[in-house]
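Trainee: Submitted below is the structure of interest, expressed as structure tokens.
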């Protein structure tokens, strides 16, 4: 009876500890870069499939503030968020770099490039000569377009730059308010297809491999990564499960996204088509989801340094790690 009593006491203690652990799940705030879309499907899949719960994490997804996810993560108000290698450069350079680090790539290759109306000669960069381009007036953006145009033998000075913040690429092209736009094909390019708009498109990474950088990425707070590395690893592993599942089950993943964000159901055909495209891009030719190639990361930051596109010197290896990936 004494032995039984000891065993019972141990079992009750284990149950109590398990109950306490479940009751005290580690809170994680995850901040998006924009309104919810198919770049974020892996997060919502991880929530719906219980991957965060299994890891002992209580994850809350929030919208970004006006100054972006980077500031919220750097300040510790969010532990993780969505950013982009190109926009991270400014945050990582200068006298007061933000304490943030990319811990996973959402998609394996840069899916952005230039879209235009079909048949107007802009299926290649040189064809942008004599046509208008909707520019964000951001030095990195303009230098990128300049380089691909000149790499194709074109004259960038012959491209008419129209300051613009296009939010509806289909309408902008149909109305002929602009001839060419920088887009991420997985959303805007697919939207053009869904609208029945005939387009030409070229990807930056196909013109110059220096532009095959990582966009978007999952970033973490440096202080959180240093102080709670095991919790951080558990988060990234659960996230990896979510994106891997979404890569393998695009239609179900799209349904999960729309269930989590009901307003997206109004554009369900676009969501399904976009998810089909991005599910194939999440892992692509990589060995697993999230991994980042140091050579590709460093090549892009070296290019920024070479053309003086960041404040001060930027360490080409700054701002990323694969150490938290499963």
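Throughout, read-outs are computed from the coordinates displayed, never taken from laboratory work. Bear in mind that the values here come from a model prediction, so they are computed numbers and not experimental data. A quick note on method: Cβ atoms are made from the backbone with ideal geometry, for glycine too, and the neighbour counts reach across all protein chains shown.
Trainee: What is the distance in Å between the Cα centroid of the range 269-326 and that of the range 187-203?
Mentor: Between the Cα centre of the range 269-326 and that of the range 187-203, the gap is 23 Å.
Trainee: Next question. Take residue 95 and residue 123, extend 7 Å from each Cα along the Cα→Cβ direction, and tell me the distance between the two endpoints in nm.
Mentor: Using points 7 Å along Cα→Cβ, the separation is 5.2 nm.
Trainee: Compute the distance in nm between two label points, each set 7 Å from the Cα along the Cα-to-Cβ direction, one at residue 226 and one at residue 323.
Mentor: 1.1 nm
Trainee: Next up: Do the sum for the chain: with -39,500 (n - 2.57) for every DSSP H run of n ≥ 4, divided by all residues, what is the mean residue ellipticity at 222 nm, to the nearest 500 deg cm²/dmol? Walk me through the intermediate numbers first.
Mentor: Working: 14 runs with 142 residues, N = 326.
Mean residue ellipticity, 222 nm, calculated: -13000 deg cm²/dmol.
Trainee: Which log10 I(q)/I(0) values, to two decimals, does the range 112-211 give at q = 0.16, 0.22 Å⁻¹ under the Debye formula with one point per Cα?
Mentor: The Debye formula, applied to the Cα set alone, gives -0.59, -1.18.
Trainee: Additional query: Return the label of the correct value of P(r) over Cα pairs in 10 Å bins from 0, in percent, as calculated from the structure shown, out of [x] 5, 19, 23, 22, 17, 10, 3, 1, 0; [y] 6, 24, 31, 23, 9, 4, 2, 1, 0, 0; [z] 6, 27, 36, 23, 7, 0.
Mentor: Answer label, from the structure shown: [y].
Trainee: Angle, helix 229-248 long axis vs. longest principal axis of the chain, Cα atoms, 0 to 90°, nearest 10?
Mentor: On a 0 to 90 degree scale, this one is about 60.
Trainee: Between residue 198 and residue 157, what is the spin-label point distance in nm, taking each point 7 Å from the Cα along the Cα→C-beta axis?
Mentor: Using points 7 Å along Cα→Cβ, the separation is 3.5 nm.
Trainee: Using Cα pairs closer than 8 Å and at least 6 residues apart in sequence, work out the relative contact order for the chain, in percent.
Mentor: Answer for the chain is 28 percent.
Trainee: How much of the DSSP beta bridge set in the chain is antiparallel, as a percent to the nearest 5? Mind dumping the intermediate values first?
Mentor: Working: 20 of 34 bridges.
If I count the DSSP bridges inside the chain, around 60 percent turn out antiparallel.
Trainee: Over what distance in Å are the Cα centres of the range 95-161 and the range 19-78 separated?
Mentor: 31 Å
Trainee: Sticking with this structure for a sec: Sequence gap at least 6, Cα distance under 8 Å: using those rules, report the relative contact order of the range 112-211 to the nearest whole percent.
Mentor: Numbers: 165 pairs, mean separation 44.9, N = 100.
Value for the range 112-211: 45 percent.
Trainee: Using only the alpha carbon atoms of the range 197-290, find the Kirkwood hydrodynamic radius as the inverse mean reciprocal pair distance, in angstroms to one decimal. Each step should come with its number before you reach the end.
Mentor: On the way: mean 1/r = 0.0636 Å⁻¹.
After inverting the pairwise mean of 1/r, the radius is 15.7 Å.
Trainee: Distance from a point 7 Å along Cα→Cβ of residue 67 to each backbone N in the range 100-144: keep the residues under 20 Å and list them by number.
Mentor: 100-102
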